[in-house]
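For reference, the structure discussed in these notes is given below.
Quick note: the coordinates plus some simple rules give every number you see, no bench work behind them. Values in this document were obtained by computation on a predicted structure and should not be read as measured data. Glycine also receives a Cβ, built like all others from the backbone with ideal geometry; neighbour counts cover every protein chain displayed.
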């Protein structure tokens, strides 16, 4: 979804060249986990912050990325949608949607954070490259039968081990909304025996979605039911914070 936002000034006397320092938090939509019991967890949406100084009257256009729909039929997870903001006096910041979790011998997809791989894959690289990074790669699988966790905002998804799916990569904690909240966690990877875990909005086994407004990645399908859908990705989140004059 997209909407406009305008920086306003208040006061009884004219103010010339008034500027505002604005803090931004831009999290893209998370990816869905791969469908099937040995699929990878979905990658978290890209997580970026920025502080910029803008003049009075600056119009800011914001797009909030949606989380990915569930994958079905033993398939790779679906990549989430990007979030961004832009304006005439701003440096545009865009976060990439999380990469879908892999299935079987397929790697996870690249994204703001990469999806975890299927049991015979190596992971999913985070992309695009930004400074600082907006996310990390998904974890590798373990053959036979265990898949990697999706990447998170601050950590690579955990690699699977024998009989145990990988954990979702950790997200990041921000106090931009006054209270500390963890967001941008990767989804848990699956296994035919025991699935992984997740934090910071990432979905846990089996098939749990990423949490709303966190960009968390969805979990793999149920460890016991190969036909189970992968968990949906958590919708993204954009915060614009500034102090009224």
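Quick look at the values:
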quantity	calculated
Residue with peak Gaussian network fluctuation, the chain [Cα springs, cutoff 10 Å], from 178, 31, 75	178
Relative contact order computed over region 102-152 (Cα-Cα under 8 Å; 6+ residues apart), in percent	35 percent
Ranked list, fewest to most other Cβ atoms within 10 Å of each Cβ, for 130, 91	91, 130
Rounded, prolate or oblate (a/c below 1.5 giving rounded, otherwise prolate when a/b exceeds b/c) for the chain by Cα gyration tensor	prolate
Computed over the chain: relative contact order in percent, which uses C-alpha pairs under 8 Å that are six or more apart	23 percent
Length-normalised contact order of region 110-197 in % [C-alpha pairs under 8 Å, at least 6 apart]	23 percent
DSSP-defined antiparallel bridges as percent of all bridges, the chain, nearest 5	95 percent
Candidates 206, 180, 235: whichever shows maximal mean-square fluctuation once the chain is modelled as a Gaussian network with Cα springs under 10 Å	180
Burial ordering of 25, 56, fewest other beta-carbon atoms within 10 Å first	56, 25
Gaussian network model of the chain, springs between alpha carbon atoms under 10 Å - residue of 106, 134, 52 with greatest fluctuation	52
